[in-house]
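The values are calculated or read from the model by the stated rules, or taken from the named source; none is laboratory data. Everything numeric here is computed off the predicted structure, so don't read it as measured data. As a convention, Cβ positions derive from the backbone with ideal geometry for all residues, glycine included, and neighbour counts pool all protein chains shown. These accessible areas exclude ligands, DNA and RNA; they are computed on the full protein's heavy atoms, side chains included. Shrake-Rupley method; radii C 1.70, N 1.55, O 1.52, S 1.80 Å.
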Amino acid sequence: MKSEITSRKSPTKIVFIGAGNMAEAMARGILASNIYRPGDMLAADIDKSRLAFFRRKLGIKGLADNKKAAATAEIIVLAVKPQQAPQVLDDLRGNLQGNPLLISIVTGFSVKKIADALAMPPRIIRVVPNTPALAGTGASAYCRGRAATARDEKLAARILNSIGVAVRLDEPLMNAATALSGSGPAYTLYLIEALLEAGRQMGLPDGAARLLTIATVGGTACLQVKTGLPAEELRRRVTSRGGTTAAAVKILDRAGTRRTIIAAVKAAHRRAQELS
């Protein structure tokens, strides 16, 4: 007996395999940008609470069966954790009809690794997104597999731009993007944590310290975007000789903070290469 999904008259435009936070962010961006409607989308996840969330908050129906969900998909967004990906890809192997476009956000899984797992050369767009996508301000790097078309790339870029900005790279650079922008929000939040602690130690109320810190970090990023000036130039303008900022920067330089940050990002890059 055919399932409800496989017997549909028309294919599902886009299926999310994995209904976690990043899939949610992408679904929200797609809906907000009117790329697809809720009825054009489907989510698959073993977590019933996430499927209920997608149905209740986004109007997107769900299934717990990856094979059934993917059966008539035109686009599949592979949005599972790396440790779950081998089993998910095994579920999909031999069950993809019509060679759908596969948009993968699985960390460390190359185009070749996915193709090998599926035993076929699917149309793949590999993506490295980051968590600010949840606020519509993400930064995504993507590369195009050999079987993917220019039209596939255009559609994927449109989806990614609905949750922030998107940059195309050659695949060998995707690990660098993972280290820089994929992990980048953690570095920024680490700085925010330190600024908040400094505020507390100086006697600022928690609420005031949080508001000032977050507004400063976000405002500085916006300032650079709006002016288009290099970070070094903007920092020079705010660092008066003998002033308070100069005193702070002197400590940062003395501690080798710049070298430490660069070393940290390179360590993330090495780890990304190992995972690949």
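What the table shows:
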| read-out | value |
| --- | --- |
| Full-extension gain in nm, Ala246 to Ser33, via 0.36 nm per residue minus C-alpha separation | 72.3 nm |
| 1.4 Å probe accessible area per residue over region 1-117, in Å² | 49 Å² |
| Projected label distance in nm at Arg259 and Val167, using a 7 Å step from Cα toward the beta-carbon | 2.6 nm |
| Highest-first arrangement of 260-268, 30-38, where packing means the average Cβ count within 10 Å | 30-38, 260-268 |
| Assigned charges on the beta-carbon of Lys, Arg, Asp, Glu; the chain dipole about Cα centre (debye) | 340 debye |
| Carbon and sulfur %, accessible surface of region 218-276 computed with the full protein complex present, 1.4 Å | 60 percent |
| Rel. contact order, % - alpha carbon contacts under 8 angstrom, at least six apart, the chain | 14 percent |
| Within region 163-276: Cβ-based charge dipole about Cα centre, in debye rounded to nearest 20 (Lys, Arg +1; Asp, Glu -1) | 400 debye |
| Cα→Cβ-extended label distance, 7 Å offset, between Glu193 and Arg56, nm | 3.1 nm |
| Protein accessible area in region 111-213, 1.4 Å probe - carbon and sulfur % | 62 percent |
| Overall form of the chain per C-alpha gyration tensor (a/c, 1.5; a/b vs b/c) | prolate |
| By average C-beta atoms within 10 angstrom, highest first, the peptides 114-124, 16-26, 128-138 | 16-26, 128-138, 114-124 |
| Förster radius 35 Å - calculated FRET efficiency between Ala208 and Ser276, Cβ distance, rounded to 0.05 | 0.20 |
